Amino acid sequence: MKAILAVIVSGLALDVFADPQLTSWFTADSGKFAQIYRNDSKKFSGEPQTTWINGRNNQSQPAFSGVQEILSSSNWVYIRSTGLGSHIMGPWENGRFPNLPTDQNFIFAIPRHPTVQTERRFNPMGEIGMFVDGVRMFDANDAFSYSHADGEDASPCAGIGQGDHLWNRDAYVNERRTFDAALGHQQNWGRYHYHAEPLALRYLLGDHVDFDATTKTYHESKTTPTKHSPILGWMQDGYPIYGPYGYSNPTNAANGVRRMVTGFVVRDGKNGADNLTQTGRRTLPAWEAREHDRATTLQNSETGPAVNEQYPLGHYLEDYAYLGDLGKKAGRDFDLDELNGRWCVTPEFPHGTYAYFTTIDASGQPVYPYNMGRRYHGNPWGCLVRSIAEPVTVNFINHANTALAPTGQPAKTTTLTWNANGYEVNAK
Amino acid sequence: MNALRTFVSSMTLLMAAGTISAATLQVQITPKVSGENLQPASFRYQTSAGESFSVTRVSYLVSDFALQRGDGSWLEVSNSVAWLDYDQNRDSIRLENIPAGEFRSVRFLVGLNTNLNHADVAQFPAQHPLNPNVNGLHWSWQGGYIFMALEGLWRNAGGELDGWSYHLARDTNAVRITLAAALEITNETKLELDLDLAAVLNAPRPLSFVKDGSSTHSRDGDPVSAALGKNLAGAFSVKRISALTDVEIAVAHPKPLYLPAHFTPYEFKMSATFPMPDLPCDNPLTVERVELGKKLFFEKRVSINDAQSCSDCHLPDKAFADSRGVARGAEGQLGTRNSMALMNLAWKKEFFWDGRAHTLREQVLQPIQNPVEMHQSATNLVLKLAALDDYPALFTAAFGTRAITAEKIALALENYLLTLTSFDAKFDRVLRGEEKFSAPEQRGFELFSTEYDPRRGQYGADCFHCHGGPLFQSQGFANNGLDSSFSDPGRIKITGMEADAGKFSVPSLRNVALTAPYMHDGRFRTLEDVVEHYCSGVKRSATLDPNLAKHPDGGVPLSEADKQALVAFLRTLTDARFQAAE
């Protein structure tokens, strides 16, 4: 334990390991208690609270914000976080949304040496990474899909389980009304998360986002971006995800920056895509068929609902086609591959890395696939762990918490005894 | 008293070193307000925003002095560090062994460099300016010192008294001061500086208690500490340079009193994390004296009617506190105050609730002679003990001769009381990683050691300002808001200073679960009552401690769960080993 403490001190003083997996975390507010606005009136009167109770999600004692510890071994980085945002969270639907966030006190393990997937595996989705403020990243899907047999989207309320997994709902489109100004909300056991770009985090990191103190909302800045976006988080495969602005030239930092353009377009008959409004949802996009290793054509029992007011274009992830399947080329006609990343140099990786980018459209709104496509680039060995089973170096510990951390020093007693010249001091 | 002791020890060192040719520069820094002498606790001052305020504490560290030679190079004065405190009349640092000559400027830090700020505090000798028990400026457990503590009261918009408390701390906030000063240093030279507190709060960055907040603890990104640093840089000025004439004469090390030819040194034991105590050199701890003192402590014949010993009001299994609200004398008379717990007295400088005794030997004879306590005259006590079979031999072992005197009785009791050290509570074992806090205890500690400062997102219970450090006692005397007018005036009776009305000794919280009832008059029966007082019962008055006055009316609003957590933490300060020992 003492040795570990010594490492903390030297680590802080020297900062020799400029390893972005250790240094990119947002810890400036780790010593502040997480806060929420319970409803709109509390938001506008500027009265956040640090404790809250709703019967289901009870934060009866204040909890700190986000990242509390950064620990590392040679193969893993461990982030202990409360999972609560550093920005003020909420309100959600003016207080009507049934869930409130709670301290998750989880440990996220990230592989330090990411490896590229050799076989193309369709990975289970859900939680796919962690943002640098210690908030979890959920994938673009909200876990529900169309059930052909029932003729509607499966949902817990409809009592239909999770549907056919062919027409998967877009979480941002379908759940957006329940997000707070940071584009976050929490599921039923209080795990706060972002599905799309982490807008308030980007503001905290100075990533081309403005805050309107009157409306208490965040907006993409109107100015022309001049700097590369910071690392916003780490995916479970150990690769970083950046804000929307990358180098114009993937291999040369000297040619300025621009908004990274996604390779996905709505299947509305433009950009070479088919037109689902005319054809009905009778075919999967090529990227999705590839992931399922099946034909694009659907059986009659697999088709989705017609495009209409209830199921508009964009309702499902499969309403998007990938331009790479339509004769266009990543790196020439658009920037990001079907996983929403590319190999490129970045400020933190001057020699290049695979990097994901959060995507927004030209007007600054989040756009599919938001953070990651339907598959990881690397082997997603990262996960939440209950405990750490190997010796680790402490790279960061919330200093508000260090008061509470044991020193691990053995019991030492100092003895003072009188001799002719005064008291003699002995420490044992 | 302390200033003198420090001075004496540094003179001793100087003489021992025998560097007679070297010169000495005494730097004296006087707090001023716009050129006027500081009037403590007076509401004559105004911020630039027109807020009336007083100053009750100016306590700070200066270090790393250097003098610039004519050629521009700097002479660093090694080990130059001082604690300056308005209340304690500490205003000077002596820079020894400086080569005589001409210098053109002086520079120093308000605060400490990183190494010094994070040094192991247990290493500093008893009278060293960085000994936490001397300066009361060390942030316990979080490491590092408060570089400058400025506190006082102010009147808010409603005309009510409120507190302000600006604590400048953290490595990056140490402020380098450089002043042009044509110094011709010969033998003994004195450099007098002024520290303008008006500038510290006003220029170039004006601070307003309303606008900027009435407290800072120098957390990262805090604008108040940044402003203080900026303002401090220009707040010092050179007032006078002169040859020093009134050099104090060095006093010799006090010799042990009545030390017998043969004695057994007593092993005084304490936690290695405690600061060095200032054990008396004229009353060395010996096994023989401690044994005699202990026997006297439990001796009923010390009282007029042989009915009461010290231990009857200072119960060993209650950390030597009394479970009665106020003391009850040998003849049944009731006193007015609660008998205090007796532990870790080696770190205390004043005794009794009002601090009227400066040493334990001075203290111990008072309850014996007090008519409402043991009511025994010193003469009678000596005669009674001399007539008993066992005492003359014990006095011989402790003091070399059979003669019993009131002074020796006091010295023996002082010896014994100094040995009552408590340092093995669950808290200590948790700190060492041997045990774990329960969740409420952990939360309680967090509340205990976190300030209440909503403006900066801090919602702690703010206990550590007065009960900080490994001894859980970091401030001498305070008015903790028990009353708005004082039936027992407290410390003002001793000092005669208005600013001390309603102030009482701040007790250590070690073993606090054993020492009920609480407060100087024993008014609170339980720890829950005490916590409730700090949540809802704090009453405002002119001398309310600034660290409490800055809280909302009534106190720190804690939830019921947090109140219980705080009590759970306080219970971890009980030292069963101390409770079992006598």
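Bear in mind that the values in this text are calculations on the coordinates, not laboratory data. What you see is a predicted model, and the numbers here were worked out from it, not measured in a lab. Note that we place each Cβ from the backbone using ideal geometry, even for glycine, and neighbour counts take in every protein chain shown.
Odds and ends about this structure:
- Neighbourhood net charge (10 Å Cβ-Cβ; Lys/Arg +1, Asp/Glu -1) for B:V538: 0
- Amide H within-cut-off set for A:D133, under 5 Å, with H built and near neighbours excluded: A:F26
- Segment A:80-214: C-alpha gyration tensor shape, a/c 1.5 cut-off, then a/b vs b/c: oblate
- Chain A: most fluctuating residue of A:R56, A:R332, A:R374 per GNM, C-alpha cutoff 10 Å: A:R332
- Cα gyration tensor, chain B - rounded (a/c under 1.5), prolate or oblate: oblate
- Helix B:223-233 axis, angle to chain B major axis (alpha carbon atoms, nearest 10°): 70
- Helix A:2-14 and the long axis of chain A differ in direction by around 70°, with both axes built from C-alpha atoms.
- Estimated inter-spin distance, A:T215 and B:A157, nm [label 7 Å along Cα→Cβ]: 2.9
- Over 29 Å (Cα to Cα) - which of B:K349/B:K563; A:K227/A:K329; B:K384/B:K493; B:K300/B:K503; B:K239/B:K550; B:K239/B:K503 fall in this group: B:K349/B:K563; B:K384/B:K493; B:K300/B:K503; B:K239/B:K550; B:K239/B:K503
- Segment B:220-335 - percent relative contact order, Cα under 8 Å, separation 6 or more: 13
- Working from label points 7 Å from Cα in the Cα-to-Cβ sense, the B:S311 to B:Q564 distance is 3.8 nm.
- Bridge type composition, chain B - antiparallel percent by DSSP, nearest 5: 85
- Rounded to whole Hz, the Karplus (6.51, -1.76, 1.60) HN-Hα couplings of segment B:333-346, x for glycine and proline: 6, 8, x, 10, 10, 6, 5, 7, 5, 10, 6, 6, 6, 4
- Alpha-carbon centroids, segment A:285-319 and segment A:159-227: separation in whole Å: 25
- Separation in nanometres of the label points that stand 7 Å from Cα toward Cβ, at B:L383 and A:R176: 10.0
- Beta bridges from DSSP with both residues in the protein assembly as shown: antiparallel share about 85 percent, rounded to the nearest 5.
- For chain A, a Gaussian network of Cα nodes joined below 10 Å ranks A:T262, A:T414, A:T393 by mean-square fluctuation, and the top entry is A:T414.
- Relative to the longest principal axis of the Cα atoms of chain B, helix B:287-297 runs at roughly 70 degrees.
- Of all lysines in the structure, the ones whose alpha carbon falls short of 17 Å from that of A:K42, not counting any fewer than 8 places away in one chain, are A:K216.
- Per-pair calculated FRET efficiency, R0 = 25 Å: A:A362 and A:N249 via Cβ, rounded to 0.05: 0.80
- Partners of A:K412 within straight-line reach, counting lysines whose Cα lies under 20 Å from its Cα and excluding those fewer than 8 residues away in the same chain: A:K2, A:K428, B:K269, B:K426, B:K436.
- As a rough footprinting exposure proxy, the listed residues A:D103, A:D237 were ranked by other beta carbons within 10 Å of their own, and the order from fewest upward is A:D103, A:D237.
- Order of B:T419, A:T214 under a 10 Å beta carbon neighbour criterion, fewest first: A:T214, B:T419
- Computed over segment B:358-486: relative contact order in percent, which uses C-alpha pairs under 8 Å that are six or more apart: 13
- Model label zone, B:E184; criterion: amide N under 20 Å from point 7 Å along Cα-to-beta-carbon; scope segment B:43-78: B:67-72
- Mean Cα-pair separation over length for chain B, i.e. relative contact order, pairs under 8 Å, 6 or more apart, %: 13
- With neighbour counts taken as other beta-carbon atoms within 10 Å, the residues B:D306, A:D335, B:D278, A:D207 rank, fewest first, as B:D306, B:D278, A:D335, A:D207.
- The calculated FRET efficiency for B:A233 paired with A:R258, based on their beta-carbon distance and R0 = 30 Å, is about 0.10.
- Segment B:190-298: GluC sites (Glu not before Pro) in DSSP loop, at most 12 other beta carbons within 10 Å: B:E248
- Cα gyration tensor, segment B:90-221 - rounded (a/c under 1.5), prolate or oblate: oblate
- In this calculation the C-beta distance from B:R324 to A:A427 is compared with R0 = 30 Å, giving a FRET efficiency of 0.15.
- Under 5 Å from the amide H of A:A181 lie the amide H atoms of A:G90, each residue being 5 or more positions distant or on a separate chain, with H modelled from the backbone and absent for Pro and chain starts.
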